Each structure stands twice: as structure tokens, then as C-alpha cells.
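These notes concern the structure reproduced below.
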Amino acid sequence: MRAATLNGSHASMLATVTSDPRGSRPARSAPWKDVAFEWLTRFFAFVVFSILAAILVSLAIGSQQTLQKYGFSFLWSADWNPVTEEFGALVPIFGTLVTSLIAMLIGVPVSFGIALFLTELSPAWLKRPLGTAIELLAAIPSIIYGMWGLFVFAPLFQAHVQPKLIDAFAGLGLVGALFAGPPLGIGMLTAGLILSIMVIPFITAVMRDVFELVPPLLKESGYGLGATTWEVVWRVVLPYTKVGVIGGIMLGLGRALGETMAVTFVIGNAHRLASSLMAPGNTIASALANEFTEAVGDLYYSALIELGLILFLITTIVLALSKLLLMRLSRGEGSRT
């Protein structure tokens, strides 16, 4: 009798639960909050795209005069003479790309080594102060880097490093031409070196964070199979964190492309196209910083605005190429599995 009573009560409870899919959960008292939150997040996303579109449209409108006068020839013309109103963007574009390339060629390997040391090889007592020092480098204002580069780094570079580079690469054809010329201390090579110091903290911080996200079980499995530290990093850590690593590199590249004050101090600010990295040059950002307040005439002003538009497009193209690279890597992984 008692068992039958218990079975009946159990059946009635089961029927109640199955009839009400929410079980004992209380009904949502204010569903309008979810709807409001959803539309609020959509609004924020729309604001981001609106800001990008507004910047692009404003730059395009401001550069209408040079677009109409020069067209695409503005991109490959090396002329820049405000007196005769002859303008071309080749020298600033060349300087921007070269200094950023130098910065990335130096900054990426150094950042990778620092991040690898912090996550895999550093003793516990050194990991925290070294990581803090890297973060402090990122907090230094760019104008401080520029002043240090002009008054400290450039004289030492001119006296002790540039003469040795000139002598070492003399007579080597194209490589020798890259390091030819008088040792001035300032120039595109100096600007690239300063930029590399500036981007290292950003790339290192991102790489270190993503390396620490790798599950310890994966790395221990590699070590258990007899792999060395380099093999574990190359075959386990990097494939697992490639999206974050490339994101950190793109963050550093964006910083290098748009850096203004530090480059303005040490690049020489010369509208001259030279094959030597020792020679003074110019970048888009430094040209804008130096000449925007002194622009006289609508065409001069329009030329500077178009330089800003070109820098915006270069950054967009770089980000798009990095996204395509990530998509290709993802497809390659899918085909191997």
C-alpha cells in the first residue's frame, strides 16, 4: 500500500515537471530588459562602424582638390614643394613602410624571445619584475622616446655604430647601398630602431598572455614524448596561440605605422627619396605633425588630408591581409584533420 502511494506521488511529480518545461524556475518578470540590452549592444556596434565611416568620408571630402588635380599620380610622385604647389606622397609612404618594416623585423623576434623566456624559462623570482618592466616600457610617452632617441641614442649611434655598418657592408652591391652615406645619427634606420623599442612591449604583452593560456597538459605531453623546449613551443604553443600571436604583431604594426612624435624627432623630416637607410626621410605621420599647422592654401591643406587618407587605407589593408592570413591558416588546419 505504501509503495503504491509513493509510486503514485512520483508519477504525479513527473507529470508536473514534464508538463512545465521550465520546472520550478520562476518566470522572467521583465523580458524588456533583455530586449533593451540587445538593442543597446547593437547600437554600440553601429557606433563603431559609424565612426570609421565618418572618418573615411571626412578624409575623402577634405582631399578632393588633390584627388581631382593629381589623381593616382599623387601616390608615386616624389615632388613636395609648397611654394610651387607640387605635391606627391611617395616619400612619406616609402618612409612609413620602411621604418615600420625595420621595427617589425627587430621587434617581433625580440618580443617572441622575451615572451618565451617569461612563460617557459624564467625563474619564478624574475618573472614578475621582468614582466612589470616590460609593461612600464609601454607606458612611456612617445615624446620621451623621441627626445631620448635624438639626444642620447642618435649621437651614440652616429659615433659607434653607423661607421662600422658603413665599413662592413661597403662594396656589397644592393646591401651596401642600404648602408651607404655619411653617418648622420638620424635617419630612417634610427627611426626604425626607435620604433622597434616602442612596439616590443605591446607585442610581448600579448604573446605572453596567449602563451600562458596554453593548457599545461599539452606542453607536458610534448615534454613527455622527449621534445625540447623549442619543439614544444614551435609544434604545440604556436599552433594553439597563432591567432593571438598574429593579433599582437598587428597591434605592434599599427603602432609603428601611426607613430608620430618619436619618429618626428629622429627621422630627419626630409622630403627626399634615398636608397640608403642612413639618409633622412619622412613618414606620413611626421609630415602631418610638422606641416599641418603651417599649411597655407587649400591645395596644401588638401594634400595633407590625403596623406591621412592614405595612412588610413594602409592600416585597413594591413588588417585585412592579416585576417585573410588567419582564415587561410584555419582552412589549412581543417584540411589536415
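Some points to look at:
- Test: residue in the stretch 249-256 that is of a type in the set (D, E, K, R), within 30 Å of Ile186 (Cβ to Cβ) and assigned to a helix (DSSP H, G or I): yes
- If the condition is being open to solvent by less than 60 Å² (accessible area, probe 1.4 Å), of a type in the set (Phe, Trp, Tyr) and closer than 30 Å to Trp234 by Cβ, then the stretch 66-122 contributes only Phe112.
Matching residues to (1) at pLDDT below 90; (2) assigned to a helix (DSSP H, G or I); (3) over 17 Å from Val199 (Cβ atoms); (4) small (Gly, Ala, Ser):
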{"site": "Val98", "(1), (2), (3), (4)": "no, yes, no, no"}
{"site": "Gly107", "(1), (2), (3), (4)": "no, yes, no, yes"}
{"site": "Val110", "(1), (2), (3), (4)": "no, yes, no, no"}
{"site": "Ile114", "(1), (2), (3), (4)": "no, yes, no, no"}
{"site": "Thr119", "(1), (2), (3), (4)": "yes, yes, yes, no"}
{"site": "Lys127", "(1), (2), (3), (4)": "yes, yes, yes, no"}
{"site": "Leu130", "(1), (2), (3), (4)": "yes, yes, yes, no"}
{"site": "Glu135", "(1), (2), (3), (4)": "yes, yes, no, no"}
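- Remark: pairs (first residue in the stretch 169-187, part of a loop (DSSP other than H, G, I, E, B); second residue aromatic (Phe, Trp, Tyr) and open to solvent by 50 Å² or more (accessible area, probe 1.4 Å); Cβ separation under 9 Å; 6+ apart in sequence or on different chains) = Phe179/Phe169; Ala180/Phe169; Ile186/Phe265.
- Of Ala287, Ala274, Ala270, all but one fail to be among the hydrophobic types (A, V, I, L, M, F, W, C), part of a helix (DSSP H, G or I) and at negative phi; the exception is Ala287.
- Residue match in the stretch 58-70 (condition: within 23 Å of Leu253 (Cβ to Cβ) and not in a strand (DSSP E or B)): yes
- Cβ-Cβ distances below 6 Å connect the following pairs, each with a first residue in the stretch 68-92 that is closer than 24 Å to Glu259 by Cα, a second residue that is open to solvent by 70 Å² or more (accessible area, probe 1.4 Å), and a separation of six or more residues or different chains: Ala78/Leu273; Asp79/Glu86; Gly88/Asp79; Leu90/Trp76; Val91/Leu273.
- Look at (1) modelled with pLDDT under 90; (2) closer than 30 Å to Ala78 by Cα and you find that Tyr240 fails only one, number (2).
The values are calculated or read from the model by the stated rules, or taken from the named source; none is laboratory data. Every value quoted in this text rests on a predicted model; they were computed, and no experiment measured them. Heads up, the Cβs are rebuilt from the backbone with ideal geometry, glycines too, and the neighbour counts pull from every protein chain shown. Note: areas computed on protein heavy atoms with side chains; ligands, DNA, RNA excluded. Shrake-Rupley method; radii C 1.70, N 1.55, O 1.52, S 1.80 Å.
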